[in-house]
Amino acid sequence: MDADTLEERALCHVYRVAILPHISEPKELFEALQRIWLEANSSRSNNYHGRALARAHNASEFNGPQLAVAAIEQGGDLFTVIRMLAEALPLFDEIETADIIQFFEVAYPRIKNDLANGIPYNALEQWLIRHPNAVEPVVSACLEAPSAALAVLLRIALVRSVVGQSAEALNRVHALRSNESKFISLPAIEALGLIEWAHFDRSEVDRAVVALREGLTSSEEDTVFSSALSALWLLNHSPGDHVLIDEIVALDMPFVVRLVGDHLAYRADAIRQHSWYPDKVTLLAGKMGQHPDSYHGVDHILSERFQDTTVSWDPIPWLDAWVGTRAEISEYEKAFPRVFPQLFAALCRRPENLCELVIHWLLQSDLGIQRAARDILSELNHIQYAGVRVPQKMLDSMNAPELVHLVRRILGNVFNDGQLVSLIWSLTD
């Protein structure tokens, strides 16, 4: 039996088991598809569940988006409905614009703070790529009734409308930046960062950069945020404009480190190899007024860089700049091991570097930085980490008064008996 026949039998099986018995029961239908997806294991990539759902939609046995809306309104599991629809939606032959709008208006209040938020938008974007004639109706519908539920949809449609180097569509994006509704202006600003600028003259890129710089100076925080986000996206297409990162970091906004750090860590494959990339990470070290939870992306970058065997990188200068921004903060949740768990774990695998950082901070005159060293020692005690000692290379560079000063700092800051004994004995090596 050939592969095509086997695939057809698999699709028919999914249709008979999961779809046909539940056409009038949307909630149960999506749950049945989810079970098939969970049981598929190695064959999951064949997307039999999504293909079977799309086949039924394309055969007009039901309306896929309307079915999803009914399942959600019946109390169906949100992630189940969204994931199953997303697997099928790019394969739909036709979708009415009104059905698209209705689905997102119903789903948005339930997904706006959920990790599944981006899944349906990504699926709809894939469908629009395959159906370019549907882009303008979607843009028009979003502009006629702007709302938070349709903002991301509008951004996607605006980006797709520019495909083909349409000067008219690009001018519309710029014009919409000044719309009185933030559900139109912000998507337009963000669309500028996602356009494939390689297909346009440099003058149009410069025009977009000017527009984003204008947004960065706005008195409205949401406009500043969208402009900063868009500028970072634009750099993936135009890395020569990397000075925009410096301008974003200079903003007096609490979201700067999270926004820039997460972008550089997870969405910057196109620019990571540029010589200026490490310098942008360094800019974030001394940024004041940032929430401790803002450093996940930065932590990822620093830990990868520290563990990279092709380069020799000392994290202490970066951490010195960072610790100076939080020297007055005493909450333990804002301590180095909690803010940078990946880098801390990497340092724990290199005791010499870890102990060098602890001793370096213990010897600082700033009480807040000494507290940062105690935070590390406290976490090491908590995880029962043995072998805390003064690195030999640090001892070799000290004279007698400096050694006495070190002993005093150890006695004044190390409260765990095991760590204290280990550090003191290490002075006799």
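Things to note:
- Placing a pseudo-label 7 Å from each Cα along the Cα-to-Cβ vector at L38 and N63 gives an inter-label distance of 3.1 nm.
- Per-selection Kirkwood Rh - the range 156-206 (Cα, Å, 1 d.p.): 10.9 Å
- Kirkwood Rh, Cα atoms: Rg over Rh of the range 232-318: 0.94
- Residue of D241, D262, D279 that the Gaussian network model of the chain assigns the largest fluctuation, springs spanning Cα pairs under 10 Å: D279
- Relative contact order, percent, the chain [alpha-carbon distance under 8 Å, six or more residues apart]: 7 percent
- For the range 48-152, the relative contact order is 30 percent, taking Cα pairs closer than 8 Å that sit 6 or more residues apart in sequence and dividing their mean separation by the residue count.
- The range 166-300: C-alpha gyration tensor shape, a/c 1.5 cut-off, then a/b vs b/c: oblate
- Normalised by the number of residues in the range 303-429, the mean separation of alpha-carbon contacts (under 8 Å, six or more apart) gives a relative contact order of 23 percent.
- Quotient of the Cα radius of gyration of the range 286-381 and 2.2 N^0.38 Å, N being its number of residues: 1.00.
- A quarter of the convex hull surface defined by the alpha-carbon atoms of the range 34-87 gives 3.6 nm² as the mean projection.
- When its C-alpha radius of gyration is set against 2.2 N^0.38 Å (N residues), the range 1-77 gives a value of 1.09.
- Per residue, the convex hull volume that the Cα atoms of the range 85-223 enclose (Å³): 114 Å³
- Couplings for the range 169-176, taken from phi via the Karplus curve 6.51 cos²θ - 1.76 cosθ + 1.60 with θ = phi - 60°, read 5, 5, 4, 5, 4, 5, 5, 6 Hz in order; Gly and Pro are left as x.
- Local net charge near Q34, Cβ-Cβ under 10 Å (Lys/Arg +1, Asp/Glu -1): -1
- The range 349-429, Cα convex hull volume normalised per residue, Å³: 84 Å³
- Taking a sphere under 13 Å around the Cβ of F200 and counting the other residues whose Cβ falls inside, with K and R at +1 and D and E at -1, yields a net charge of -2.
- Extension gain, E96 back to S166 (0.36 nm per residue minus Cα-Cα distance, nm): 22.7 nm
- Once the gyration tensor of the Cα atoms in the range 387-429 is diagonalised, the equivalent ellipsoid follows with semi-axes of 17, 12, 7 Å, ordered largest first.
- Temperature 4 °C, viscosity 1.567 mPa s: under these conditions the Stokes-Einstein estimate for the chain, based on its Kirkwood radius over C-alpha pairs, is 51 µm² per second.
- Neighbour-count order for L319, L235, fewest beta carbons within 10 angstrom listed first: L319, L235
- Calculated log₁₀ intensity ratio I(q)/I(0) where the Debye formula runs over C-alpha points of the range 65-143, q = 0.11, 0.22, 0.24, 0.26 Å⁻¹: -0.25, -1.05, -1.23, -1.40
- Estimated D of the range 22-166 in µm² per second, where Rh is the Kirkwood radius over Cα pairs and Stokes-Einstein applies at 37 °C, 0.692 mPa s: 212 µm²/s
- Label-reachable residues, the range 11-47, where backbone N falls under 17 Å from a point 7 Å from F79's Cα toward its Cβ: 30-41
Each reported figure results from applying straightforward, stated rules to the coordinates on display, with no laboratory input. Just so it is clear, the model here is predicted, and its values are computed rather than measured. Backbone-built Cβ (ideal geometry, glycine too); neighbour counts: all protein chains shown.
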